[in-house]
Structure formats: C-alpha cells, structure tokens
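Every number here is computed from the coordinates shown, using simple stated rules; none is lab data. Here the structure is a predicted model, which means the values were calculated and not measured. No Cβ is skipped: glycine too gets one built from the backbone with ideal geometry, and neighbour counts run over all protein chains shown.
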Amino acid sequence: MSELYIRVAEDENEEPMEIPSEDDGTVLLSSVAAQFPGACGLRYRNPESQCMRGVRLLEGVLHAPENDWGNLVYVVNYPKDNKRKMEEIDAASAVKIKRGFQKTSDLIVLGLPWKTTEQDLKDYFTTFGEVIMVQVKRDAKTGNSKGFGFVRFTDYETQTKVIAQRHMIDGRWCDCKLPNSKVFWAGACPDEPMRSRKIFVGRCTEDMTTDELRQYFMQYGEVTDVFIPKPFRAFAFVTFADDQVAQALCGEDLIIKGVSVHISNAEPKHNNIHQLFPQFPGGSASLAAMFARSQYQFPSSHV
DNA sequence: GTTGAGCGTT
C-alpha cells in the first residue's frame, strides 16, 4: 500500500531523491518543495500509455495514482512552465485583438512619377498622419522606379482617409489601394487552417539574418527554428513552440528592419488557387483569381 | 537613355 518514501527527480533522467509520505499514503507538496524549492506539483510517465500524467493535488496534498505510488520516478513541476505557456497565449491573443481591432495594412501607391523617392513619399504622406513604412519598388538591375510603391500608417483613420481620395504626388495623380495580396489573404486565411507551428515570412531582405529573425519573433513566443534558404530567395520559415502563436501571426504584415514582411502559413503548395477554388477546373487560374478577388474585394475588416 | 496599367524577387 503506502510507501515510506517516494522517488522524485528534477527530470526523468536525473538522480531521484526520496521524499517522505504521510501516514495516509499521501505526500505533502511542502515536502516536495522542501527539496525542490518552487515546486508546484508532480508528474510521472504512465507505464501503459507512455504519456506523462499529472499527480492529483488537492489543497497542498499529493495523492498517489490509484492509491499506490509504486516504484515510479516522479518529476517535479515548476510554475515557470505554465508561465511560459501563458506568455505565449497572451501574445497570441494580443495579436488577435490587434487584428480584430482596426489594424492598418500596407497600401499600394499606384501611378508614382519615375523620379519620386521614398523620402518624397514619406514627406507627402506624413501630411495625413504618422507614417511607419514607405517603399518605392525599383528594378533590381537599373534601380529605376517601377512607378508604384507602398505606404503604411500608424492609424487606421489615416489609412481610410488616404484610400478615399486621389493624390497629387510630384505632378501626377496617384491612387492608394489595399493591395491584392492583402485582399486575397484576408478572405482565404481566416483562423483555422492547418494549425502549423511554422510560418512563411515573405518579402525578406538579404540582410536579415537568422539571429535577427529569431530575436524579432521571440516577442511573440518561443522560437524553435529559423530557416533562410540559400541562395537568397526573399523568404524564410520561422517555427514556434506553440501553434497558437504561429496561427495568430498568419496574415499579418510585420515590419522588420524597416521592411514590411508578410506572414502566411508555411507550405503554400497546399493553399494554392486550385485547392481553394476547385470549381474552376485546371488551367483557369486567372479566372479563379478574378473570382477570388470579387469575393474578397471588401473583407469585413476593411468596410 | 524608352514606359503609365498594375500588385510587394514565395
């Protein structure tokens, strides 16, 4: 029946320590904590299922599984494990709240004069509100402007105002719109796709290192892996310990080193247009894309 | 060295 001592260790592979039990066969949490300061419970590996199981804890008293501690080694639980989990959930819900709230997106700026620079763009758009990112898209070889760019504002009200009107920039009329990618993903990547722990980070620049990406994404939760393909391909994969964190970031545009990167689910091959719209049989991707656009032209978060 | 509707080197 009840043992005089049970074997407790910091870790399954650590040297166990014997902890005294009470006369009724229970073990006081305070007895465990006397040897393992900060302990908040015990767990053990169930020999049948090979899974870890928690030991019942009621008012500071640990109860033997099936009334017999047996000869198992019990592993100490510490509150820091739970705390870490909580931090990750908080980060995930913070992102979700931010998303449900009126969050700004990058806007495409169409019709820019060839000569317009990022500084020009910043100067112009700052008259509407605080600007957090501007880009002018250029030919990689020649450096010539492609005549369009992107802007992102701090406040959603600013964004709304900017979209609503035309803009005279350096002598040409320009339009600001939600980019197609944004419109598409807003509808096609809701909340419950694959629950992957891995995210795809698109539009990376060549100077972003794995360390920098790890440092950046740590704020959302524990990062278990960062992968940057070589040679440079302008994207990266980041894996989190918690799928909730990864999923919460999906669809976001984040700014890393002043560059707007786009987060989507890893493995986009399972997310292509034909899989999303099977009613358009093979070959008609452009038709399917038009359909997708017409469906998601005004996603609820932007009306 | 050109150009003027589009969509960000997945």
Please list, in chain and number order, the residues 5+ apart from A:Tyr74 or on another chain whose amide H is under 5 Å from its amide H, with Hs placed from the backbone. A:Arg7, A:Val8, A:Ala9
For segment A:115-174, run through the trypsin sites (Lys or Arg not before Pro) and keep only the ones in DSSP coil with at most 16 other Cβ atoms within 10 Å of their Cβ. A:Lys115, A:Lys141, A:Arg166
Students often check this: by mean Cβ neighbours within 10 Å, which of A:69-76, A:36-43, A:245-252, A:103-110 ranks highest, and how do the rest follow? A:245-252, A:103-110, A:69-76, A:36-43
Report, in listed order, any pair from A:Lys115/A:Lys198; A:Lys230/A:Lys257; A:Lys198/A:Lys257; A:Lys122/A:Lys230; A:Lys177/A:Lys257; A:Lys122/A:Lys161 with a Cα-Cα distance greater than 28 Å. A:Lys115/A:Lys198; A:Lys122/A:Lys230
How much length, in nm to one decimal, is gained on full extension between A:Glu18 and A:Leu58, taken as 0.36 nm per residue of separation minus their Cα-Cα distance? 12.3 nm
Per 0.36 nm of contour for each residue apart, how much would the distance between A:Asp123 and A:Thr142 grow if the chain were fully extended, relative to their Cα-Cα spacing? 4.4 nm
The relative contact order of segment A:106-177, taking Cα pairs under 8 Å that sit 6 or more residues apart, comes to a percentage of 42
Can you compute 3J(HN,Hα) from phi for each residue in segment A:112-128, using the Karplus curve 6.51 cos²θ - 1.76 cosθ + 1.60 with θ = phi - 60°, rounded to whole Hz and x for Gly and Pro? 5, x, 4, 7, 5, 9, 5, 5, 4, 4, 4, 4, 5, 6, 5, 5, 9
